[in-house]
Structures are given as structure tokens and as C-alpha cells.
Amino acid sequence: MVESFNDAFYYLYLKKPTIINKCKLYNVRASSKVACLDLLSSCNLGTLNWGIPFDFLDSDELKVEWIRAFFDCECSVLRNQIQVRKLLEHFNISSQK
């Protein structure tokens, strides 16, 4: 997954993030003002105020990739669980509170 992120980041911003492997946890870091401004203009970032970027998820393949990345990084769904539940229902995946 790290490699696909790096490939996508390079494709969009012509920068290669650095990857540090720490006992099966990866730290990925990139410094790019262009990337920062682009990401800030298209979505809310932060742990307490976020949402699913539905504007960018215009195919089932992108929706699946977003779900895969989300659950790879998160142990549970809390604040925005309704948005995530709707996305899962799109693929007939049931979920519980």
C-alpha cells in the first residue's frame, strides 16, 4: 500500500515521499507546498474534523481503495460512522455500531 501511495503522490506532485519502516509500521513523509495547498483546498484534514472525499470517489475502484486504506489505518469508526456505513452499504457490506 505504501508503494501505491508513493506512486500516486509522485504522479500528482512529482515528489517522492520518504518511507521509514518501524517494525511493520510505516512513516511516510513528503515536503511539498504545492501538495499541501492542493490537499487543503479539496478536503478537511485533521483527526477531529474529516469527511469522506465523495467528490473524488467517482468509481467503484476508487471507493474500494478508500475503504481499504481507511480500515488499514483505523481500528474503529466513531465520529463519521454514518458516512462510512453508507459507503460500505454501496458494496452490500453490513456494519454495526
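Summary table
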| read-out | value |
| --- | --- |
| Residue in the stretch 1-12 that is polar (S, T, N, Q), part of a loop (DSSP other than H, G, I, E, B) and at pLDDT below 85 present | no |
| Residue that is modelled with pLDDT of 85 or more and not in a helix (DSSP H, G or I), where the choices are I93, I20, I52 | I20 |
| Cβ pairs under 6 Å, 6+ apart, first in the stretch 50-71 and among the hydrophobic types (A, V, I, L, M, F, W, C), second surrounded by fewer than 12 Cβ atoms within 10 Å (Cβ to Cβ) | W50/N44 |
| Residue, modelled with the highest pLDDT, within the stretch 55-90, restricted to residues that are among the charged types (D, E, K, R) and surrounded by 11 or more Cβ atoms within 10 Å (Cβ to Cβ) | K63 |
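The values are calculated or read from the model by the stated rules, or taken from the named source; none is laboratory data. Since the structure is predicted, the reported quantities are computational estimates derived from the model, not experimental observations. Cβ sites come from the backbone with ideal geometry, for glycine too, and all protein chains shown count toward neighbours.
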